[in-house]
Amino acid sequence: LSRMPKPKALAGRVAYITGGAGGIGQATAARMLSEGACVMLADIDQDALNGAVAAFSSKFGKDNVRGVVVDVTKEDAVENSFKAAVLAFGGLDIVVSNAGIASASPIEDTSLAVWQKNIDILATGYFLVSREAFRLMLRQKSGGNLVFVASKNGLAASPGASAYCTAKAAEI
């Protein structure tokens, strides 16, 4: 037994990742899957989500990864995506709130629509995901981890990106 490989660090853990079909989301999922976790990828882009799930399934096994379409700005969509994760894997241990957008324009050129979209996704979306994660983890009575993918722009704003920087500051 001493020559057996050590169990992987995340064996038996289940992770839920918003923005899971994007670059940071896929990199996070790949790392977690390689460490033994099961992963629920949550993303608004159905085609990208299908591609990511297929790629990870072929590499890590179809039982270890699932996908769910979710718009993190919609309360019922977030709740339903967590229900799908629990149905697929029996619960969650790790929630990575990563869904995002990037925008840049001088404040005088920033439309209210761009401002609101940043706030909706990067502030309200993170709130809805973390609230649902917290509710689930309370019911599970087993703790868990919430990870927010933030930005230095939330602490030290860069010029020409007022909507993005403000929303990231709210997230933090």
Enumerate the pairs (first residue in the stretch 17-38 and among the hydroxyl-bearing types (Ser, Thr, Tyr); second residue anywhere and at pLDDT 95 or above and assigned to a helix (DSSP H, G or I)) with beta-carbon separation below 6 Å, excluding pairs fewer than 6 apart on the same chain, so at least 6 apart or on different chains.
-> Thr18/Val129
Could you please find all residues in the stretch 93-110 being touching a Phe, Trp or Tyr at 6+ places or on another chain (Cβ under 6 Å), part of a strand (DSSP E or B) and hydroxyl-bearing (Ser, Thr, Tyr)?
-> Ser97
Could you tell me which numbered condition Phe82 fails, if it satisfies all but one of (1) more than 28 Å from Asn153 (Cα to Cα); (2) in contact with an Asp or Glu (Cβ under 6 Å, 6 or more places away or on another chain); (3) open to solvent by 10 Å² or more (accessible area, probe 1.4 Å)?
-> (3)
Subset of the stretch 27-69, residues touching an Asp or Glu at 6+ places or on another chain (Cβ under 7 Å) and open to solvent by less than 20 Å² (accessible area, probe 1.4 Å), comes to Leu49
Could you check how many residues of the stretch 21-50 are closer than 17 Å to Ala150 by Cα and in contact with a helix residue (DSSP H, G or I) (Cβ under 6 Å, 6 or more places away or on another chain)?
-> 1
The number of residues in the stretch 85-110 that are open to solvent by 20 Å² or more (accessible area, probe 1.4 Å) and touching a Lys or Arg at 6+ places or on another chain (Cβ under 7 Å) is 3
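The values are calculated or read from the model by the stated rules, or taken from the named source; none is laboratory data. Since this is a predicted model, take the numbers as computed values, not measurements. A quick note on method: Cβ atoms are made from the backbone with ideal geometry, for glycine too, and the neighbour counts reach across all protein chains shown. Surface accessibility is based on the protein's heavy atoms, side chains included, excluding ligands, DNA and RNA. Shrake-Rupley method; radii C 1.70, N 1.55, O 1.52, S 1.80 Å.
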